[in-house]
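Please read the structure below before turning to the comments.
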Protein chains: 2
Amino acid sequence: MLNTVLLQTRPRIISAASVVGPKEKAGPLGTFFDDAHDDDMFGQVSFEKAERAMYSRAVSLCAEKAGFRADELDLLVGGDLLNQLITAGYAARGFDIPFLGIYGACSTIAESLALLALLTDAGYVSRSVCAASSHFSSAERQYRLPLEMGGQRPQSAQRTVTGAGAFLVASEGAGPFISAVTIGRVMDFGIKDSTDMGSAMAPAAADTILRFFRDTGDDPADYDSIITGDLGMIGREIAAELMTVKGLDVEKKLYDCGCGIFSPDQDTHAGGSGCGCSSVVMAAHILPKLRSGELKKVLFIATGALMSPTSGLQGESIPAVAHAVRIESERGQGR
Amino acid sequence: MLNTVLLQTRPRIISAASVVGPKEKAGPLGTFFDDAHDDDMFGQVSFEKAERAMYSRAVSLCAEKAGFRADELDLLVGGDLLNQLITAGYAARGFDIPFLGIYGACSTIAESLALLALLTDAGYVSRSVCAASSHFSSAERQYRLPLEMGGQRPQSAQRTVTGAGAFLVASEGAGPFISAVTIGRVMDFGIKDSTDMGSAMAPAAADTILRFFRDTGDDPADYDSIITGDLGMIGREIAAELMTVKGLDVEKKLYDCGCGIFSPDQDTHAGGSGCGCSSVVMAAHILPKLRSGELKKVLFIATGALMSPTSGLQGESIPAVAHAVRIESERGQGR
């Protein structure tokens with residue numbers, strides 16, 4: 001089994017970009033996003049086209065912030081939540097560079113960062129971009145019910161973030177670096193409630209974090225933060241407990257992007273979710289702190305629930321996966 | 001832009017496995033498949049579960065043929081055509097190894113082989129498996145119409161192959177080796193007819209093949225075969241012509257897995273398609289010839305159409321991508 005890979009060459013995240021919608025703009029991180037829109041249609045005629053516009057904008061902006069055009073990069077890696085990854089695939093036709101489509105549900109950005117870090121570390125690419133997105137309204141109608149129904153959602157449900165985040169990974173340049181990668185195993189604890197995905201994803205998050213600390217021998221005390229993608233309030237608690245019973249007490253270090261992106265008064269129940277959630281929180285909130293040195297070392301673990309509406313209708317439980325990347329500030333490792 | 005990567009360490013394909021349904025069993029390659037079933041339900045209660053059973057079987061069998069259990073491998077990479085990759089994701093929970101979900105539509109197996117070849121060449125993994133699948137009946141109802149309707153399909157349509165193919169890529173051992181990888185760009189020539197995907201995919205195939213020969217400076221005359229995934233009869237012809245006008249005449253070397261898997265009297269119109277098509281043809285028909293030395297050097301290019309039913313309903317054309325791997329026999333390079 002592939003254990004945690006320690007990277008030797010310090011692939012850097014030299015820029016990142018975040019594009020979000022109105023609900024995210026109104027949230028506690030609203031002022032940090034690069035491009036926060038009041039209109040969740042982004043000037044397009046469908047939610048799917050709106051999501052694609054966000055994705056393209058995030059990729060272009062990310063390249064621009066590093067002084068490049070997207071077309072000058074080696075590779076685009078990424079995906080989204082829509083069937084057949086139509087966000088990423090259609091966005092990719094606008095960039096004249098090779099494209100690798102990735103699907104890991106809400107773990108997509110961690111899977112993409114991990115792959116790019118490996119390919120950069122190995123010297124195959126020197127400047128590449130990865131991106132992931134989700135859109136509340138395109139996700140609702142694909143995964144759940146028409147918005148027009150105005151259905152009530154239980155308190156365990158999370159709200160899909162309308163957002164796209166992009167990251168430029170390079171072999172040279174300034175920025176936080178990825179120093180380790182853990183590829184996750186698919187875990188299924190039998191949860192069947194698709195309005196409680198935090199519970200379904202928590203075992204995968206716990207498994208990957210436990211594997212990471214076992215593989216590296218690192219002491220969690222040396223980490224400023226252990227950042228999960230979007231477990232939400234319920235999943236975060238379950239993951240912490242699953243790790244505690246295995247002897248890893250990291251509860252105080254846990255920050256969940258799904259818990260951070262909305263405030264309790266925004267009526268988003270258990271928090272945010274979707275590929276876009278951790279992508280924009282990492283791009284807008286966490287990376288700046290790694291760049292400034294306010295954070296020295298973090299472990300980022302994005303989790304994905306791998307079910308579909310069809311698998312749910314066929315009585316299946318929800319498998320999940322979580323991939324982890326260790327990101328360190330160039331301004332001093334560890335503490 | 002990432003050009004063709006030449007691999008230094010010769011990642012080997014030490015085993016491959018193919019599992020197919022009755023239509024494929026009845027086709028011209030029927031006797032070559034490892035596991036050819038008369039029942040396309042594979043003993044399951046739904047087409048989706050049947051596809052998953054094929055996928056799991058292909059992975060297990062591939063490992064077994066090389067003398068391993070799947071759990072002893074480093075990594076599983078792969079995907080399928082179903083929304084949220086429920087075939088690969090659910091199959092992966094049965095194997096206790098890390099999983100990377102990939103989506104490239106019918107290019108999935110080439111994308112997976114390319115990634116595994118790179119990760120193996122770089123030394124991150126030493127023995128890993130990739131797999132891709134499709135199922136005629138799960139694809140029909142997801143992408144097109146209920147089978148019960150008995151709709152007529154135009155002659156340009158291809159038939160989704162019911163099959164799963166798996167490949168074990170290793171840093172050591174005996175077998176054909178992957179010596180180069182070209183990651184494709186997303187191309188869109190404006191085709192909107194989802195019953196003519198060969199036409200939509202041909203430009204991507206041509207672009208990747210042209211890039212490969214430009215990057216490597218290789219002479220197509222040194223190749224025994226240039227094997228496309230599933231362009232079908234129409235797409236194959238268009239791809240050949242697109243290359244001819246660019247000065248690359250490879251028409252006589254072209255073999256298309258979609259044209260090879262069914263015979264004209266099987267009423268499959270333009271040929272086979274789906275992630276499973278090139279996966280099982282490569283596993284059962286091409287690799288044995290590379291192992292025996294009957295084929296010395298081939299270029300394998302799988303193409304994927306990246307649209308969804310939703311993008312079609314929204315008036316979008318069909319973007320496509322093609323990834324290439326050069327595979328050489330260990331029994332002498334070139335001719």
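Of all residues in the stretch A:161-179, count the ones that are surrounded by 24 or more Cβ atoms within 10 Å (Cβ to Cβ) and within 14 Å of another protein chain (Cβ to nearest Cβ).
Count: 3.
Please specify each residue of the stretch A:296-335 satisfying the condition of being open to solvent by 20 Å² or more (accessible area, probe 1.4 Å) and away from chain B (no Cβ under 13 Å).
A:296, A:297, A:326, A:330, A:331, A:332, A:333, A:335
What single numbered condition from (1) free of Cβ contacts under 8 Å to residues at least 60 places away in the same chain; (2) more than 10 Å from every other protein chain (Cβ to nearest Cβ); (3) not basic (Lys, Arg) fails to hold for residue A:50?
Here residue A:50 meets the rest and fails (1).
Residues checked against (1) under 18 Å from the mean Cα position of the chain (by Cα); (2) facing another protein chain (nearest Cβ under 7 Å); (3) of a type outside the set (A, V, I, L, M, F, W, C); (4) farther than 25 Å from residue B:189 by Cβ:
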| site | (1), (2), (3), (4) |
| --- | --- |
| A:46 | no, yes, yes, no |
| A:58 | yes, no, no, yes |
| A:64 | no, no, yes, yes |
| A:75 | no, yes, no, no |
| A:85 | yes, yes, no, no |
| A:90 | no, yes, yes, no |
| A:98 | no, yes, yes, no |
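Suppose we filter the stretch B:180-202 for residues that are among the aliphatic types (A, V, I, L, M), within 11 Å of chain A (Cβ to nearest Cβ) and under 17 Å from residue B:312 (Cβ atoms); how many remain? Working first, answer last.
Kept after step one, since they are among the aliphatic types (A, V, I, L, M), are these residues of the stretch B:180-202: B:180-181, B:183, B:186-187, B:191, B:197, B:200-202.
Imposing the further condition that a residue be within 11 Å of chain A (Cβ to nearest Cβ) reduces the set to B:181, B:183, B:186-187.
Checking the rest, the ones that are also under 17 Å from residue B:312 (Cβ atoms) come to B:186.
The qualifying residues number 1.
Looking only at the stretch B:100-115, decide whether some residue is within 21 Å of residue B:67 (Cα to Cα) and more than 11 Å from the chain's Cα centre (by Cα). Can you show your working first?
Step one: list which residues in the stretch B:100-115 are within 21 Å of residue B:67 (Cα to Cα), which gives B:113.
Filter once more, keeping what is more than 11 Å from the chain's Cα centre (by Cα): none.
Looking through the stretch B:100-115, none of the residues is within 21 Å of residue B:67 (Cα to Cα) and more than 11 Å from the chain's Cα centre (by Cα).
Could you count how many residues in the stretch A:76-128 are of a type in the set (Gly, Ala, Ser), without any contact (Cβ under 8 Å) to a residue 40 or more places away in the chain and more than 19 Å from residue A:54 (Cα to Cα)?
The total comes to 1.
Looking at this structure, is residue A:251 surrounded by fewer than 21 Cβ atoms within 10 Å (Cβ to Cβ) and in contact with a Ser or Thr (Cβ under 8 Å, 6 or more places away or on another chain)? Write out each step before concluding.
Details: surrounded by fewer than 21 Cβ atoms within 10 Å (Cβ to Cβ): yes; in contact with a Ser or Thr (Cβ under 8 Å, 6 or more places away or on another chain): yes.
Yes; evaluated as a whole, the condition is true for this residue.
Hey, among B:31, B:4, B:9, which residue is closer than 29 Å to residue B:174 by Cβ and without any contact (Cβ under 8 Å) to a residue 12 or more places away in the chain? Spell out how you get there, then give the answer.
Values: B:4 fails: without any contact (Cβ under 8 Å) to a residue 12 or more places away in the chain; B:9 fails: without any contact (Cβ under 8 Å) to a residue 12 or more places away in the chain.
The unique qualifying residue is B:31.
From the list B:221, B:206, B:239, B:200, pick out the single residue that is in contact (Cβ under 8 Å) with a residue 60 or more places away in the chain and over 25 Å from residue B:25 (Cα atoms). If you could, list the steps in order and put the result at the bottom.
Numbers: B:221 fails: in contact (Cβ under 8 Å) with a residue 60 or more places away in the chain; B:206 fails: in contact (Cβ under 8 Å) with a residue 60 or more places away in the chain; B:239 fails: in contact (Cβ under 8 Å) with a residue 60 or more places away in the chain.
Going through B:221, B:206, B:239, B:200 in turn, the sole match is B:200.
Does residue B:211 satisfy being at pLDDT 95 or above, among the basic types (Lys, Arg) and open to solvent by 10 Å² or more (accessible area, probe 1.4 Å)?
no
Could you please let me know if residue B:206 is touching a Leu at 6+ places or on another chain (Cβ under 6 Å) and open to solvent by less than 50 Å² (accessible area, probe 1.4 Å)?
On the way: touching a Leu at 6+ places or on another chain (Cβ under 6 Å): yes; open to solvent by less than 50 Å² (accessible area, probe 1.4 Å): yes.
Considered against the rule, which asks whether it is touching a Leu at 6+ places or on another chain (Cβ under 6 Å) and open to solvent by less than 50 Å² (accessible area, probe 1.4 Å), residue B:206 comes out as yes.
Which residues, taken from the stretch B:110-125, are facing chain A (nearest Cβ under 9 Å), of a type outside the set (Phe, Trp, Tyr) and more than 28 Å from residue B:313 (Cα to Cα)? Spell out the reasoning first.
From the stretch B:110-125, those facing chain A (nearest Cβ under 9 Å) are B:111, B:114-115, B:118-119, B:121-125; that's our starting set.
From the residues that got through so far, the ones that are of a type outside the set (Phe, Trp, Tyr) too are B:111, B:114-115, B:118-119, B:121-123, B:125.
Once the filter is applied, which keeps residues that are facing chain A (nearest Cβ under 9 Å), of a type outside the set (Phe, Trp, Tyr) and more than 28 Å from residue B:313 (Cα to Cα), the stretch B:110-125 yields B:114, B:115, B:118, B:119, B:121, B:122, B:123, B:125.
Pick out the one residue from B:107, B:128 that is within 12 Å of another protein chain (Cβ to nearest Cβ), touching a Leu at 6+ places or on another chain (Cβ under 7 Å) and either open to solvent by less than 10 Å² (accessible area, probe 1.4 Å) or of a type outside the set (Val, Ile, Thr) (or both). Before the answer, list the steps.
Values: B:107 fails: touching a Leu at 6+ places or on another chain (Cβ under 7 Å).
None of the others qualify; the one that does is B:128.
Scanning for something open to solvent by less than 60 Å² (accessible area, probe 1.4 Å), under 20 Å from residue A:104 (Cα atoms) and within 14 Å of chain B (Cβ to nearest Cβ), does the stretch A:215-230 turn up at least one residue?
Looking through the stretch A:215-230, none of the residues is open to solvent by less than 60 Å² (accessible area, probe 1.4 Å), under 20 Å from residue A:104 (Cα atoms) and within 14 Å of chain B (Cβ to nearest Cβ).
What residue, among those in the stretch B:157-185 that are in contact with an Asp or Glu (Cβ under 9 Å, 6 or more places away or on another chain) and aliphatic (A, V, I, L, M), is nearest to residue B:68 (Cα to Cα)? Step through it out loud before you land on a result.
At the first step, the residues of the stretch B:157-185 found to be in contact with an Asp or Glu (Cβ under 9 Å, 6 or more places away or on another chain) are B:157-164, B:171, B:174-185.
The next check asks that each one be aliphatic (A, V, I, L, M); those that pass are B:157, B:161, B:164, B:174, B:178, B:180-181, B:183.
Working: B:157: 39, B:161: 28, B:164: 19, B:174: 14, B:178: 21, B:180: 26, B:181: 26, B:183: 30 Å.
Result: B:174.
Tell me, which residue of the stretch B:263-295 that is more than 19 Å from residue B:18 (Cα to Cα) and not polar (S, T, N, Q) is surrounded by the most Cβ atoms within 10 Å (Cβ to Cβ)?
So the residue we want is B:270.
Among B:152, B:142, which is open to solvent by 50 Å² or more (accessible area, probe 1.4 Å) and not hydrophobic (A, V, I, L, M, F, W, C)?
On the way: B:142 fails: open to solvent by 50 Å² or more (accessible area, probe 1.4 Å).
Criteria check complete, one pass: B:152.
The values are calculated or read from the model by the stated rules, or taken from the named source; none is laboratory data. Worth saying up front: this structure is predicted, and the values here are computed from it rather than measured. Heads up, the Cβs are rebuilt from the backbone with ideal geometry, glycines too, and the neighbour counts pull from every protein chain shown. We work out accessible area using only protein heavy atoms, side chains counted, and drop any ligands, DNA or RNA first. Shrake-Rupley method; radii C 1.70, N 1.55, O 1.52, S 1.80 Å.
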